[in-house]
Every structure is written in structure tokens, then in C-alpha cells.
Amino acid sequence: MKKIRLSQVLAVFGVLMGLAIMLGMPAEAEAEELLETILYQNPDLKAMLLESLLKWEQEAPKEVKEAIKTLRTGDTAAKIKAAASLGNMGIKAKGAILALAETQKDGTPAANKARLALEKINKSLVEPLLTKLKDNDLYVRVGAAMVLGAIKDPRAVEPLIAMLNDDDLSDRWVAVNALGAIKDPRAIEPLTLH
């Protein structure tokens, strides 16, 4: 399999939306179709994403692995409890993303709990992503800003406003788009000045 750099992954908007979908964020059908098209056309990228998610699952702490097993084999009540527990673990539960995504789509009452757990895990990603806004690699900065815009967490507003003053046009462009997605009133004046 051909090696693909993380920066290449972050540069592809559809893949970023795909990660957001995998993390349980509401997404429009167009984004899902775009992701499917990109992954269909690039099996190396799809394999890399799945490999990463599976690696996180294999390296997960014991309590996360136990919850994953419950999500895959337990009854509905046990799945609901496991999903709630994973949501409370935050980023520590990133190894459960695939199992939660599967549960989210299974049509049982546990699906909603899985969605909520994924949203909580999502929120735990904000701080690490904020640090990536200052990365030396343009693609990492752009990717982080896109994901922050998709997450729509208000903690991202001030750092994204600061990006509006960056020298790099790509940084400014992605900051404008992310702020537009977040729709926080604090961004109105800075956006009108740029």
C-alpha cells in the first residue's frame, strides 16, 4: 500500500467531513456522498483511515475494549449503558469510534446514545485541534480549522478569528469558512473587516 501523509488526508475536505461523520456529527447527505466518492476512488486512503481506527481500537484501554464488546454483542440495555460510559470518557474512548458508529446505525434505542457518545468524544477533540492551528504544516492547519468548523464548538471562535490575520491566504480562507459554519456572533465584525 502506498504511504499517504496525514497532511494529504487533512487537505481533502470530503475526508474531513467523513471523519466528522465517523465521529457522529450531523452531516448533510452531500458530504456523505462526497466522502463515499473520494474513498471509492482512493482505496489507499480508505484503508489508511480504517487502519487508524482499528489501531485505536486495538490500543484502547481495557474499559473501552469491554464497552466495545458490549456494543457489538450486548442487549439493548447494555449497549445504552456502554455508549453512555464511552461518551463520559471523552478522547480516551477514541478507540470505540467504529463500534459507536456501527451502533449509531443499528436502528435500536441504543443508536441515540451512541450518537451522543460520539458527540462527546468530538468535543474532547477541540483542545488538541486548537493547538494544530499553529502547526508549521499548512495542510495540518487547514485540516484542523475545517474540523473545528464542522464541530462548531465556540472555543474555536477566537483562535479562528486570529487566523484571519495570517499571511497565508489558505489560512484566512479556511478560517472564514470555519467561522461561517460555527455562526458565532463574535465573528461578525472581524469577518466584515477582512
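The values are calculated or read from the model by the stated rules, or taken from the named source; none is laboratory data. It should be emphasised that the depicted structure is a prediction, and the values quoted were computed from it without experimental measurement. Quick reminder, even Gly has a Cβ in these numbers, built from the backbone with ideal geometry, and neighbours come from all protein chains shown. The area values use the complete protein model at the heavy-atom level, side chains included, leaving out ligands, DNA and RNA. Shrake-Rupley method; radii C 1.70, N 1.55, O 1.52, S 1.80 Å.
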Residues satisfying the stated conditions in segment 144-170, i.e. farther than 26 Å from residue 119 by Cα and of a type in the set (Asp, Glu) | 166, 167, 168
By residue number, the members of segment 136-194 that are touching a residue at least 60 places away in the same chain (Cβ under 8 Å) and of a type in the set (Ser, Thr, Tyr) are 139
Between a first residue in segment 110-129 that is in contact (Cβ under 8 Å) with a residue 60 or more places away in the chain and a second residue that is polar (S, T, N, Q), which pairs have beta carbons less than 7 Å apart while being 6 or more apart in sequence or on different chains?
-> 114/103; 114/104; 115/104; 118/104
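So which residues in segment 163-172 are in a helix (DSSP H, G or I) and either surrounded by 15 or more Cβ atoms within 10 Å (Cβ to Cβ) or in contact with a Leu (Cβ under 8 Å, 6 or more places away or on another chain) (or both)? Break it down into steps so the answer makes sense when it comes.
In the first step, residues of segment 163-172 are kept if they are in a helix (DSSP H, G or I); the result is 163, 169-172.
Answer for segment 163-172, where residues must be in a helix (DSSP H, G or I) and either surrounded by 15 or more Cβ atoms within 10 Å (Cβ to Cβ) or in contact with a Leu (Cβ under 8 Å, 6 or more places away or on another chain) (or both): 163, 170, 171, 172.
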List every residue pair whose Cβ atoms sit under 8 Å apart, with the two residues 6 or more apart in sequence or on different chains, where the first one lies in segment 53-77 and is in contact (Cβ under 8 Å) with a residue 60 or more places away in the chain and surrounded by 13 or more Cβ atoms within 10 Å (Cβ to Cβ) and the second, anywhere, is assigned to a helix (DSSP H, G or I) and among the β-branched types (Val, Ile, Thr).
-> none
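Quick one: which of 123, 113, 183 is open to solvent by 30 Å² or more (accessible area, probe 1.4 Å) and on the phi > 0 side of the Ramachandran plot? Can you show your working first?
Values: 123 fails: on the phi > 0 side of the Ramachandran plot; 113 fails: on the phi > 0 side of the Ramachandran plot.
The unique qualifying residue is 183.
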